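Everything below concerns the one structure shown next.
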Amino acid sequence: MMESVRPILNNKIHIQVIFKKNQKWYLHSDVSSWVIIDEDTVNELLNRYEQLVFINLNTIINIDYVNGINYIDIAKECILINGQMHIISKRYMPLLKHVLKEKYPNLFSSIQLHTKESYLRRVNSKRKVHTQHIKYLLRKGSRTIIFYDDGTSDYFYETLKYFYEYVLEHNDFIKVKRDCIVNIRFINNCKIDTKTKTGEILVDSEVISISRRNLQVFKRFMQNQMHKKDNTFTFAPRID
C-alpha cells in the first residue's frame, strides 16, 4: 500500500469515495483531500474493507458514510456522499443490494421504505407516490393512472409491472385484470359467480371486474381477509 494512504486509515477506515478518472484512481477521505493511489492499493483496500463497494465501473463508495445527510436512492439509481452525487449503474445494483441486505439490514430496510414513496424515475418527478393513499391503478395506452382516496388522480409513464415490482406493497395490492391493480384496503365488497367464473369488486363506489385469468389468484390471495357467504365475500373493515 502506498505510504500516503496509511495515515488516512489509522485505527479505522476514513475513506469515503474512491474514483477513477483518466486511468488514475483517486481516494477521498474525511481527513484529507483527494489522494492519487495505484490499482494495487485499490484492490488491497477492497479486500480489507467489506464496506467498500463498487457502484459503477469507476466509483467505489464506503457504505458506512451513508446516513441522513448522505443517502442512497435506489429508485433514482444514485447515491450522495460528501455532497457529491454518484450514479449507481444497473450492472452493480444487485451487488449493492446484496451487501446492504446482508451487512446493513437496517439501512437496507430504510432504503426500501424510502423507495416506495420516492419520486419515480423518468416520470412526473414533481409528485410523490404515497402508496397508502392509492385506491387502484389503471393502465390506459402508454400511461398508468393512479386514483387516490381523496378523489384525485395522477398519471405516470411507468408500467403496472414497474409499480408492482418496485413501488407497491405486495401485501396490500393485487392485480385483478391485465390493466388494473387494486389496493385491497379500499375494497368494500366482492361478488364471484362460480358458474360463469367471473367476478367484480366494489372500490368505494367504483365497480371493477376481475378477469377470469386472475380470478383464482385473487380468491387465494384474499382467502384470509374475507368471510364467505354464498357467492358474496364481505371484507373486514378497512383500518386507516
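Restricting to segment 122-157, what's the tally of residues that are at pLDDT below 80 and either surrounded by fewer than 14 Cβ atoms within 10 Å (Cβ to Cβ) or among the charged types (D, E, K, R) (or both)?
7
For segment 23-40, enumerate the residues that are assigned to a loop (DSSP other than H, G, I, E, B) and either modelled with pLDDT of 90 or more or not hydroxyl-bearing (Ser, Thr, Tyr) (or both).
Gln23, Asp30, Val31, Trp34, Asp38
Which of the residues that make up segment 41-77 are in a strand (DSSP E or B) and either modelled with pLDDT under 85 or farther than 17 Å from Ile111 by Cβ (or both)?
Within segment 41-77, Leu52, Phe54, Asn56, Thr59, Ile60, Ile72, Asp73 qualify.
Looking only at segment 194-203, how many residues end up being out of contact with any Cys (no Cβ under 9 Å at 6 or more places or on another chain) and more than 18 Å from Gln223 (Cβ to Cβ)? Give the derivation first.
To start, the set of residues in segment 194-203 that are out of contact with any Cys (no Cβ under 9 Å at 6 or more places or on another chain) comprises 194-198, 203.
Within this subset, residues satisfying the condition of being more than 18 Å from Gln223 (Cβ to Cβ) are 195-196, 198, 203.
Of the residues in segment 194-203, 4 are out of contact with any Cys (no Cβ under 9 Å at 6 or more places or on another chain) and more than 18 Å from Gln223 (Cβ to Cβ).
Asn47 fails exactly one of the following numbered conditions: (1) touching a residue at least 12 places away in the same chain (Cβ under 8 Å); (2) open to solvent by 30 Å² or more (accessible area, probe 1.4 Å). What is the number of that condition?
Just one mismatch for Asn47, condition (1).
Across segment 16-35, which residue is farthest from Ile88 (Cα to Cα) among those that are of a type in the set (Phe, Trp, Tyr) and more than 30 Å from the chain's Cα centre (by Cα)?
Our first condition is that a residue be of a type in the set (Phe, Trp, Tyr); within segment 16-35, this holds for 19, 25-26, 34.
Now restrict to residues that are more than 30 Å from the chain's Cα centre (by Cα): 25-26, 34.
Values: Trp25: 18, Tyr26: 18, Trp34: 21 Å.
The selected residue is Trp34.
If you take the residues in segment 136-191 that are part of a strand (DSSP E or B) and out of contact with any Phe, Trp or Tyr (no Cβ under 9 Å at 6 or more places or on another chain), which one is nearest to Arg213 (Cα to Cα)?
The residue in question is Lys177.
Specify the residue that is modelled with the highest pLDDT; the eligible residues are those in segment 217-240 that are loosely packed, with under 11 Cβ neighbours inside 10 Å and farther than 25 Å from Gly151 by Cα.
Looking at the filtered set, the residue picked out is Arg220.
Which numbered condition in (1) among the aliphatic types (A, V, I, L, M); (2) open to solvent by less than 80 Å² (accessible area, probe 1.4 Å); (3) at pLDDT 85 or above is the only one that Ile87 fails?
(2)
Among the residues of segment 194-204, write down those that are modelled with pLDDT under 85 and open to solvent by 70 Å² or more (accessible area, probe 1.4 Å).
If the condition is that a residue be modelled with pLDDT under 85 and open to solvent by 70 Å² or more (accessible area, probe 1.4 Å), then Thr194, Lys195, Lys197 are the ones that fit.
For segment 158-190, which residues satisfy the criterion of being open to solvent by 80 Å² or more (accessible area, probe 1.4 Å) and at pLDDT 85 or above?
Correct list: Lys161, Lys175, Arg178.
The values are calculated or read from the model by the stated rules, or taken from the named source; none is laboratory data. Bear in mind that the values here come from a model prediction, so they are computed numbers and not experimental data. Here Cβ is always computed from backbone atoms with ideal geometry, including for glycine, and neighbour counts include all displayed protein chains. Areas reflect the complete protein model, heavy atoms only, side chains present, ligands, DNA and RNA absent. Shrake-Rupley method; radii C 1.70, N 1.55, O 1.52, S 1.80 Å.
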